[in-house]
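Chemist: This structure is in structure tokens; I'll ask about it shortly.
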Amino acid sequence: MKTFVLDLSICNGCYCCQIACKDEHVGNDWMPYARPQPDTGQFWVRLHETTRGSVPKVRVSYFPQMCMHCEDAPCMKVCEPGAIYRRADGLVIVDPEKCTGCKLCPDSCPHDAIYFNEGMNLAQKCTGCAHLLDDGWDVPRCVDSCASGALQFGEEEDLKELIAKAGDQPKGCKGRVIYLNVPKTFVAGTLYDP
């Protein structure tokens with residue numbers, strides 16, 4: 001099963017993953033996996049930036065977020081027309097031809113990873129660049145563009161050593177996106193010696 005592994009300790013917030021995703025999907029029709037992503041309003045990979053502390057003791061952390069391709073995907077359960085399915089490799093896909101625009105799946109996603117395209121009347125989300133994988137690519141565009149190596153993708157078996165290092169994961173449905181080195185509480189102070 002395909003798995004994403006994100007090491008948050010080396011993510012430098014360059015936004016390359018988010019930009020590469022937009023570059024790959026905006027204006028491009030990748031049927032049967034995805035219709036074109038709108039140029040505004042949707043981020044199938046979005047980078048959250050969190051600042052903790054205050055000047056001069058500040059820590060900034062970055063948290064790329066995408067569809068978790070959950071093993072127990074709530075979106076699949078609520079999809080009445082059966083438009084959301086899991087591929088044999090584990091990627092969860094919204095079939096644009098079967099989607100009726102009922103809008104049940106965006107509300108069911110605990111990760112806010114499903115968007116509704118009003119113009120096309122369909123739900124859209126990260127496909128894991130299934131079209132590229134089917135065309136012989138080893139990794140999706142977001143992983144290919146990650147300059148720091150924070151984002152990796154591959155077979156779960158091949159990434160098992162990294163996955164074993166993962167601590168608590170974001171609450172949800174057994175996602176196929178594993179986070180390493182999730183930021184802990186940040187405590188800073190000044191030593192004063194009168």
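The values are calculated or read from the model by the stated rules, or taken from the named source; none is laboratory data. Because the structure is a prediction, the values reported are computed rather than measured. Every residue, glycine as well, gets a Cβ built from its backbone with ideal geometry; the counts of neighbours run over all protein chains shown. Please note that ligands, DNA and RNA were not included when accessible areas were found on the heavy atoms of the full protein model with its side chains. Shrake-Rupley method; radii C 1.70, N 1.55, O 1.52, S 1.80 Å.
Chemist: Once you have a ≥ b ≥ c as the square roots of the Cα gyration tensor eigenvalues for the stretch 54-127, tell me rounded if a/c is under 1.5, and otherwise prolate or oblate according to whether a/b is larger than b/c. Before the final figure, lay out the partial values.
Modeler: Details: a/c = 2.87, a/b = 2.00, b/c = 1.44.
Since a/c reaches 1.5 and a/b is larger than b/c, the shape of the stretch 54-127 is classed as prolate.
Chemist: Full extension from Phe43 to Val58: what is 0.36 nm times the residue separation minus their Cα-Cα distance, to one decimal in nm?
Modeler: Details: separation 15, 0.36 × 15 = 5.40 nm, distance 2.72 nm.
Full extension of this stretch gives 2.7 nm more.
Chemist: At a Förster radius of 30 Å, what calculated FRET efficiency corresponds to the Cβ-Cβ distance of Arg86 and Ala188, to the nearest 0.05?
Modeler: Numbers: r = 44 Å, r/R0 = 1.46.
It comes to 0.10.
Chemist: Of Trp137, Thr190, Ser148, whose Cα points farthest to the positive end of the dipole of the stretch 123-194 (charges on the beta-carbon: +1 Lys, Arg; -1 Asp, Glu; origin at the Cα centre)?
Modeler: Thr190
Chemist: Also, I was wondering about something else. Can you tell me the orientation of helix 16-25 relative to the chain, as the angle in degrees between its alpha-carbon axis and the longest Cα principal axis, to the nearest 10?
Modeler: 10 degrees
Chemist: What's the magnitude of the charge dipole for the chain around its Cα centre, counting Lys and Arg as +1 and Asp and Glu as -1 at the beta-carbon? Answer in Debye, nearest 20.
Modeler: Details: 20 positive and 26 negative charges, 137 e Å.
Dipole size: approximately 660 debye.
Chemist: OK, next. Give the residue from Ile10, Gly101, Val26 lying farthest towards the positive end of the charge dipole for the chain; charges sit on Cβ (+1 for Lys and Arg, -1 for Asp and Glu) and the dipole is referred to the Cα centre.
Modeler: Going by the charge dipole, the pick is Ile10.
Chemist: Using a 1.4 angstrom probe with every protein chain in place, what is the largest-first accessible-area order of Glu161, Glu118, Glu156, Glu24? Please list the in-between numbers first.
Modeler: Details: Glu161 145, Glu118 125, Glu156 75, Glu24 15 Å².
From most exposed to least exposed: Glu161, Glu118, Glu156, Glu24.
Chemist: Something else about it: How far apart, in nanometres, would the label points at Lys160 and Asp72 be if each is projected 7 angstrom from Cα along the Cα-to-Cβ direction?
Modeler: Here the modelled spin labels are 2.3 nm apart.
Chemist: How large a share of the accessible area of the stretch 132-177, in percent, is made up of carbon and sulfur atoms when the probe is 1.4 Å and the other protein chains stay in place? Let's see the in-between values first.
Modeler: Details: 1240 of 2810 Å².
That fraction is 44 percent.
Chemist: Would you kindly derive the ³J(HN,Hα) couplings of the stretch 57-67 from the backbone phi angles with the Karplus curve 6.51 cos²θ - 1.76 cosθ + 1.60 (θ = phi - 60°), listing them in order in whole Hz, with x for Gly and Pro?
Modeler: Coupling constants for the stretch 57-67: 9, 10, 10, 10, 10, 10, 9, x, 10, 8, 4 Hz.
Chemist: Also, I was wondering about something else. Rg over Rh of the stretch 13-93, using C-alpha atoms and the Kirkwood radius, what does it come to? Let's see the in-between values first.
Modeler: Numbers: Rg = 16.5 Å, Rh = 15.2 Å.
Taking Rg over the Kirkwood Rh, I get 1.09.
Chemist: Rounded to whole Å and ordered largest first, report the semi-axes of the equivalent ellipsoid of the stretch 101-159 derived from its Cα gyration tensor (root of 5λ).
Modeler: Details: eigenvalues 149, 38, 26 Å².
Over the Cα atoms of the stretch 101-159, the ellipsoid semi-axes are 27, 14, 11 Å.
Chemist: Given Lys22/Lys125; Lys77/Lys103; Lys22/Lys160; Lys125/Lys160; Lys57/Lys165; Lys77/Lys98, which pairs have Cα atoms separated by over 23 Å? Display every interim value, and only then the final one.
Modeler: Values: Lys22/Lys125 12 Å; Lys77/Lys103 13 Å; Lys22/Lys160 29 Å; Lys125/Lys160 26 Å; Lys57/Lys165 28 Å; Lys77/Lys98 15 Å.
Table pairs above 23 Å Cα-Cα are Lys22/Lys160; Lys125/Lys160; Lys57/Lys165.
Chemist: Residues with amide H under 5 Å of Val5's amide H, sequence separation 5 or more or different chain, H placed in the peptide plane at 1.01 Å from N; which?
Modeler: Gln152, Phe153, Ile178
Chemist: Oh, and also: Under 10 Å, Cα contacts only: if you run a Gaussian network model on the chain, which one of Thr127, Thr50, Thr100 comes out with the highest mean-square fluctuation?
Modeler: Residue with maximal mean-square fluctuation among Thr127, Thr50, Thr100: Thr50.
Chemist: Tell me, what is the Rg over Rh of the chain, with Rh the Kirkwood radius over Cα pairs? Please report the intermediate quantities before stating the final value.
Modeler: Values: Rg = 18.0 Å, Rh = 17.7 Å.
Value, to two decimals: 1.02.
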